[in-house]
Amino acid sequence: MRTIGVAIAIPEPWASQLQDYRTSLGDATATMIPTHITLVPPTEIHDDLLPDVESHLEAAASRVGPFSVHLRGTGTFRPVSPVVFVAVVQGISGCEQLANAVRQGPLDQKLTFPYHPHVTIAHDLPDASLDKAFGELADFECEWSVEEFHLYVHDDTDGWRPTREFALRAALTG
């Protein structure tokens, strides 16, 4: 068995900026989690299913085209979950379409919470730290074109590491 996830990587310089901020809050796991927008949450699969998962992700990438993402400001899932995040203000539908495409076949699963694309900046920290993150990154903003997503594999020593990139290839219509 191995634990995998599927996500959109946040590009540099913002990825390091947000990861460093998360680390500065005292989140001990931050260095083990690349900055991302989750498409498929941590999922355990049998090793022999990995080729099927990769083929499925390749097919999903062929059905979704590149799209723009604009992150701006902060939000929270409190009191339901102790999470503060940077909000996706443009590209929500693109994230949803991509998440729906990848969460089929071998990655079909029932989610604990409704899908809400976001970038976590504080998780499972004291309320004061969550409040600090909510306030200090309220003015954060960045934009880029999402042209690929990644398969991540979790390793107890190295944390989450991208193992394969899948380019979005659907033709743009309009």
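The values are calculated or read from the model by the stated rules, or taken from the named source; none is laboratory data. It should be emphasised that the depicted structure is a prediction, and the values quoted were computed from it without experimental measurement. Virtual Cβ from ideal backbone geometry, glycine too; neighbours counted across all protein chains shown.
Cβ-Cβ contacts under 6 Å between residues 6 or more apart (or on different chains), taken from a first residue in the range 160-174 that is at pLDDT 95 or above and of a type in the set (Lys, Arg) to a second residue that is surrounded by 13 or more Cβ atoms within 10 Å (Cβ to Cβ) and assigned to a strand (DSSP E or B), are listed as 164/151. Could you tell me which numbered condition residue 76 fails, if it satisfies all but one of (1) of a type in the set (S, T, N, Q); (2) out of contact with any helix residue (DSSP H, G or I) (no Cβ under 8 Å at 6 or more places or on another chain); (3) within 13 Å of residue 123 (Cα to Cα)? In the conditions (1) of a type in the set (S, T, N, Q); (2) out of contact with any helix residue (DSSP H, G or I) (no Cβ under 8 Å at 6 or more places or on another chain); (3) within 13 Å of residue 123 (Cα to Cα), residue 76 misses (2) alone.
Can you pull out every residue in the range 90-116 that is hydrophobic (A, V, I, L, M, F, W, C) and either touching a Gly at 6+ places or on another chain (Cβ under 9 Å) or surrounded by 19 or more Cβ atoms within 10 Å (Cβ to Cβ) (or both)?
Scanning the range 90-116 gives 95, 98, 99, 101, 102, 107.
Each row is one residue, and each column tells you yes or no for (1) part of a helix (DSSP H, G or I); (2) touching a strand residue (DSSP E or B) at 6+ places or on another chain (Cβ under 9 Å); (3) touching a residue at least 40 places away in the same chain (Cβ under 8 Å).
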{"site": "69", "(1), (2), (3)": "no, yes, yes"}
{"site": "72", "(1), (2), (3)": "no, yes, yes"}
{"site": "75", "(1), (2), (3)": "no, yes, yes"}
{"site": "80", "(1), (2), (3)": "no, no, no"}
{"site": "88", "(1), (2), (3)": "no, yes, yes"}
{"site": "93", "(1), (2), (3)": "yes, yes, no"}
{"site": "96", "(1), (2), (3)": "yes, no, no"}
{"site": "99", "(1), (2), (3)": "yes, yes, yes"}
{"site": "106", "(1), (2), (3)": "yes, yes, yes"}
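Take the residues in the range 7-43 that are in a loop (DSSP other than H, G, I, E, B) and of a type in the set (Val, Ile, Thr); name whichever of them is surrounded by the fewest Cβ atoms within 10 Å (Cβ to Cβ). Ranking the qualifying residues of the range 7-43, first place goes to 29. I'm trying to understand the selection: among the residues of the range 132-174, which are touching a Pro at 6+ places or on another chain (Cβ under 8 Å) and assigned to a loop (DSSP other than H, G, I, E, B)? Residues satisfying the conditions are 147, 168, 172.
Note on the range 22-67: among residues that are touching a strand residue (DSSP E or B) at 6+ places or on another chain (Cβ under 8 Å) and small (Gly, Ala, Ser), the one that is nearest to residue 109 (Cα to Cα) is 60. On inspection, residue 119 passes the criterion of being under 14 Å from the mean Cα position of the chain (by Cα), surrounded by 19 or more Cβ atoms within 10 Å (Cβ to Cβ) and modelled with pLDDT of 95 or more. If you go through the range 130-151 one residue at a time, do you hit one that is within 19 Å of residue 29 (Cα to Cα) and at pLDDT below 95? No, there is no match, as no residue in the range 130-151 is within 19 Å of residue 29 (Cα to Cα) and at pLDDT below 95. Total residues in the range 64-89 satisfying the condition of being within 20 Å of residue 145 (Cβ to Cβ) and surrounded by 15 or more Cβ atoms within 10 Å (Cβ to Cβ): the figure is 9.
Being assigned to a helix (DSSP H, G or I) and not polar (S, T, N, Q) is the filter; apply it to the range 122-131 and report the residue that is surrounded by the most Cβ atoms within 10 Å (Cβ to Cβ).
130
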